[in-house]
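Each remark here refers to the structure printed beneath this line.
The values are calculated or read from the model by the stated rules, or taken from the named source; none is laboratory data. In this text, all values refer to a predicted model and were calculated from it rather than measured experimentally. Heads up, the Cβs are rebuilt from the backbone with ideal geometry, glycines too, and the neighbour counts pull from every protein chain shown. To get the accessible areas, we keep the full protein, side chains included, count just its heavy atoms, and leave off ligands, DNA and RNA. Shrake-Rupley method; radii C 1.70, N 1.55, O 1.52, S 1.80 Å.
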Amino acid sequence: MTFLKFLIRRLLAIPLTLFVITAVLFAFIVTAPPEERAALYFPPRQPRILTDVQIQAMLERIIVEHGLDKPYPVQYANWVNDLLHGDWGWSPTFNTDVLELLLLRTPVTAELTLYSVLLLIPLGLISGVAAGWRHGGRTDAIFRFTAFLGTSIPPFILGLILLSIFYIGLRWFPTGRSGVLDVTLRRATFTPYTGFLTLDGLLNGRPDITIDAFRHLALPIFTLSLAHWATLGRVTRAAMIEEIDKEYITSARARGLYNRSVVWRHAFRNALLPALTSSILSAASLVTGVFVVEVIFNIKGLSELITKGIGAFTPDTPLALGFAVYSVLLVMPIMIVLDLLKAIADPRLREGEIAS
Amino acid sequence: MTIRRFWSIWQNRLAVVITALFVVVALAAPILAPQPDPANPSYFKVVGQNFQRIPEPPSEENILGTVPQITNLPMFGFIPGQDASYRWDVYFSLIWGTRSALRFGLLVTLATAVLGVILGALSGYIGGWFGGLLMRITDAFLTFPPIAAVWLIRRLFFQQINNPFMMPELLRPWELLLARWQIDPVMIALVMFSWMPYARLVNSTISQLKTTEYIQAAESIGASHARILFRHLLPNAITPAIVLAARDVGGLVIMASAFIFIGIGGNVVWGVILVTARDYVIGIGGNPLRYWWTFVPVTSALILFSIGWNLLGDGLNTLLNPRARR
């Protein structure tokens, strides 16, 4: 029952988080003069080139209509209202509705993130525990060296070198998202159930598409996982070293418990907490890393919106703002899952005895 | 005594040597790589002709070869005459890039650490609903990836500064300041969205220590709030923050380089050289080392920089944190 209470309390914190972030973002926006902010509400397509007088008239109409000269709280409420109604503006760069654009690109980015997280969390925990348990040994030395290299190699250079060897040289792993023709994916016989190509291929009875998608994902997943694996492993290792010197471990060993049981049932459960905390702190940087990797491997996910939007000739304020809001929505599920894992690992947290 | 302990571990010696090396190189940059035009200093030395588009191998003139710069990036002092292609001397930018990396890393780390420590100390010491609210706000900031902020800040505040056809006289005063101090959107975004770990750390340390007996003793002899906070609480909370800061420097420079690499701005010189070298790393026939001089020296410097600060952080941790000492 206490767990349910904890869950409810956590879920109640979500609106607060969203409120704080959107308020800060909007405070940014408000610093610009109303004429400039009117770009957020430009109509979808300009039918023809407008004269200066017409543009002026349009700007004034938008300012009055959306209350851009009103005080901050009123404007903020208006804006949030628009967001909740799915009215995120119109991107001149892509000539599409911003929300539609973001939703269309999400599965691509989510697929890459999901597989990387599924790979790096178990690997990071296991290698950290192994290195910490026998710290000072050979495993530990190898781990420390690799982890140091992993955090220090810039991901973009690693990605380029991998591309050069495995794509251009050996031709094992291609770039992009899929080698299957776009036409095949849009045909009526291919239903995008999940948006993840790896799963959709299986669900549609086309294992070749799945295999192809995994071949495209291999290098990005590796590049993305390496740095975050190293960070997670180092935190786990440090926590393990701290735990195994404590008396309860000595007593567990004195009772003749198997090593495996001492490590995994006693030390590991306590070492898990700092590891999860560090993961929470780096969840946002994981998403940043995803975008970097997408650009390097030419995966047309959410990151393409940044690279194209920034280079665009017409300033794309609606997309920039929409992207900022959306990336919070992207990180939050990760944070919530990690928070719940933490509460599962530590009963004291969910009983409310100690603060997170 | 503790200094001798610190020095007895080879990793710590390595850390000090590496970081000291970078500082020395940064300070001695004008001697190691003299500016071709001292009146008009730049982080890049232009060599070669407009039509040279192949990187030149190391020669006596260019110690580490050259890398062609095809397009003019408007963020580094746009030179209208040179908007075609020319080549940059790698060695020159490697040396001067040290200065830019150190400046960027230290400035951003210092600003984030100060911001985080102040907010963490406030929320920890005052506590109650105010402290709770401040920590919830910290958690909210944690969900925001800085990359999205870079775009927004650039769009809102740097539109005029980045405009190559803008006359400097027409810039507003704060825009002039930003341009003169070479502050870019990446810097602002990273400061705004990476102070949270410091705040959480300092907050938890201070709220734990606040109820201990020695603080009660200090209160009972009538010490002021400021005295308790600065004299008794902060010194305990600041050491883990220093360790965190030392570990952050390298990572921040790598992240800034990554931002430059994917083309969203920033002006860490090493990152600029690496994004220029991009096409030559892919190389010809799958041999990434075909034009090695375009990226190996700068990448090594970047890796070494990061390793140096990371090791220094680990060393400081064993020095300052009694629990990790073994």
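Worth a mention:
- Shielding of A:314-322 by partner chains, average beta-carbon count, 10 Å: 3
- Within a Gaussian network of chain A (alpha carbon springs, distance under 10 Å), most fluctuating of A:Gly205, A:Gly233, A:Gly132: A:Gly205
- Chain B, relative contact order in percent, only Cα pairs under 8 angstrom and at least six apart counted: 24 percent
- Accessible surface of the protein assembly as shown [probe 1.4 Å, protein heavy atoms]: carbon and sulfur percent: 66 percent
- Taking A:Leu273, A:Leu84, A:Leu103 in turn, the Gaussian network model of chain A (Cα-Cα springs below 10 Å) assigns the largest fluctuation to A:Leu84.
- Accessible solvent surface per residue of segment A:62-220, calculated while the other protein chains remain in place, 1.4 angstrom probe, Å²: 51 Å²
- Buried accessible surface for the A/B chain pair comes to about 5100 Å², total over both chains, computed with a 1.4 Å probe.
- Remark on segment B:152-182: accessible area falls by at least 40 square angstrom from chain-alone to full-complex state for B:Leu152, B:Arg155, B:Leu156, B:Phe157, probe 1.4 angstrom.
- Calculated FRET efficiency for the pair A:Val64/B:Asp37, C-beta based, R₀ 41 Å, to 0.05: 0.15
- Taking each DSSP H run with n ≥ 4 as -39500 (n - 2.57) and averaging over every residue of chain B yields -20000 deg cm²/dmol at 222 nm.
- Length released on extending from B:Phe230 to B:Val46, taking residue separation times 0.36 nm less the Cα-Cα span: 61.2 nm
- Ranked by the mean number of other Cβ atoms within 10 Å of their residues, highest first, the peptides B:54-63, A:219-228 fall in the order A:219-228, B:54-63.
- Efficiency of FRET from Cβ geometry, A:Ile8 and B:Thr211, R₀ 35 Å, rounded to 0.05: 0.75
- MRE, 222 nm, helices only [DSSP H, n ≥ 4, -39500 (n - 2.57), over chain A, to nearest 500]: -23000 deg cm²/dmol
- Segment B:117-170: chymotrypsin sites (Phe, Trp or Tyr not before Pro) falling in loop per DSSP and having at most 13 other Cβ within 10 Å: B:Phe165
- Screening chain B for DSSP H helices whose Cα atoms reach 24 Å or more along their own axis and whose mean Kyte hydropathy is at least 0.0 gives B:10-27, B:90-126, B:234-261, B:296-320.
- Alpha-carbon centroid distance for the pair segment A:183-229 / segment B:89-114, whole angstrom: 40 Å
- Normalised contact order of segment A:98-355, rounded percent, pairs of Cα under 8 Å and 6 or more residues apart: 28 percent
- C-alpha long axis of helix A:52-65 to longest principal axis of chain A, angle in °: 60 degrees
- Across segment A:32-87, the mean sequence separation of Cα contacts (distance under 8 Å, 6 or more residues apart), normalised by length, yields a relative contact order of 36 percent.
- Chain A: angle of helix A:283-296 to the longest principal axis, Cα-based, in degrees nearest 10: 70 degrees
- Reduction of at least 30 Å² in accessible surface, 1.4 Å probe, comparing all protein chains with the chain by itself, residues of segment B:108-145: B:Arg136, B:Ala140, B:Phe141, B:Leu142, B:Thr143, B:Phe144, B:Pro145
- Estimated distance in nm for a label pair at A:Thr139 and A:Trp172, the labels positioned 7 Å out from Cα along Cα-to-Cβ: 2.6 nm
- Neighbourhood net charge (11 Å Cβ-Cβ; Lys/Arg +1, Asp/Glu -1) for A:Pro315: 0
- Between helix A:207-244 and chain A there is an angle of about 50 degrees, using the helix long axis and the longest principal axis of the Cα atoms.
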